[in-house]
1. Go through the residues of region 39-46 one by one and say whether even a single one is under 20 Å from LEU186 (Cβ atoms), in a helix (DSSP H, G or I) and either in contact with a Lys or Arg (Cβ under 6 Å, 6 or more places away or on another chain) or not hydroxyl-bearing (Ser, Thr, Tyr) (or both).
2. Can you say whether LEU206 is farther than 24 Å from LYS132 by Cβ, crowded, with 19+ Cβ neighbours inside 10 Å and modelled with pLDDT of 95 or more, as far as the supplied structure shows?
3. Considering only residues that are in a helix (DSSP H, G or I) and free of Cβ contacts under 8 Å to residues at least 24 places away in the same chain, look in region 250-268 and name the one that is nearest to LYS54 (Cα to Cα).
4. Check PHE16, PHE50 and return the single one that is under 27 Å from LYS268 (Cα atoms), of a type in the set (Phe, Trp, Tyr) and not in a loop (DSSP other than H, G, I, E, B).
5. Looking only at region 157-196, filter to residues that are assigned to a helix (DSSP H, G or I) and without any contact (Cβ under 8 Å) to a residue 12 or more places away in the chain; which one of those is farthest from ILE44 (Cα to Cα)?
6. Just need a number here: residues in region 249-265 that are out of contact with any helix residue (DSSP H, G or I) (no Cβ under 6 Å at 6 or more places or on another chain), surrounded by 13 or more Cβ atoms within 10 Å (Cβ to Cβ) and of a type in the set (A, V, I, L, M).
7. Name the single residue, out of those in region 81-136 being among the polar types (S, T, N, Q) and outside any loop (DSSP other than H, G, I, E, B), that is surrounded by the fewest Cβ atoms within 10 Å (Cβ to Cβ).
Amino acid sequence: MIKNKLIKNAKKIDQFLINFLKKQDSSLLIKPMKYGVISGGKKIRSTIIFDTGKIFNIKEKKLLNICAAVECVHSYSLIHDDLPCMDNDTIRRGKPAAHIRFGEASAVLAGSSLLTLAFEIISDKKYSLDFKTKNEIVRSLASCSGHTGIAGGQDLDLKFENKKKRSDQIIEMQKKKTGKLFNFCLYAVGVVAKRKNQENFFLGTLGEEIGLLFQLADDFLDNMGSKKLVGKPVKKDKKKGKSTLLNLMGEKKAYLYANNLKRKILRKLEKHGKKADELIRTIEFILERKF
């Protein structure tokens, strides 16, 4: 069952992060950092990494650092997104947002520290990848996290509020805000597997499409989900005038678009046969999820 797989994978990443932070000098920011990255969340990006690893016969142990780094970057983005100067959200993962629990200054610094921690985790001497592979993973993660990725996407998301935008503009924004980190998830596995540049580019593009599907599912949940299951306030996109495909197209057309996107993604995975079964199950879950 997918839910059990997500819980099992999340526990592995949480334990890795707890152990990694134990080895570092203590600071007052450790508590809000742990609060942001360890407590709760599906860690679906890590599951996507493990699932993609199965396609190339890569052991989970070799991907743990990448998973932990991705969760740090994702959590940094959530902590910053929730700030009053951005989306001004007070609940995240069913509990008070980091800036509510620890104050704005500590939340900003904890988020920034999680971002830098991601690169520490990849470049760690004990992580047994060769220098060239590590370098490419670091380069890709930086590209997907900054102004060409998550940060740039969040900036567009804020600037698009209460404005009429075309579907291609919304897709570009969502591919940056959500898709780029999923791009990294698949791309990094290809780099570890020593695949050719062309195949890694294909994997990255596929990851971006999975990320867009995830964002669409998130928009459906915001519109129709329950606060208890989702773990954060719902129906906030419409109140804030967010530019989403759901708000632009309406529920029926947006769901049709999402379903067609899912089929397109699954067709691309057919060439991998049974090795892609776990990834396919996770993709099916993404669109059908209720939390």
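1. yes
2. No, not satisfied.
3. LEU266
4. PHE50
5. LYS159
6. 1
7. So the residue we want is THR116.
Conditions tested, residue by residue: (1) polar (S, T, N, Q); (2) without any contact (Cβ under 8 Å) to a residue 24 or more places away in the chain.
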{"residue": "LEU6", "(1), (2)": "no, no"}
{"residue": "ASN9", "(1), (2)": "yes, no"}
{"residue": "PHE16", "(1), (2)": "no, no"}
{"residue": "GLN24", "(1), (2)": "yes, yes"}
{"residue": "LYS31", "(1), (2)": "no, no"}
{"residue": "TYR35", "(1), (2)": "no, no"}
{"residue": "LYS43", "(1), (2)": "no, no"}
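The values are calculated or read from the model by the stated rules, or taken from the named source; none is laboratory data. Everything quoted here is computed from the prediction, not taken from an experiment. In this analysis, Cβ positions are derived from the backbone assuming ideal geometry, glycine residues included, and neighbour counts consider all displayed protein chains.
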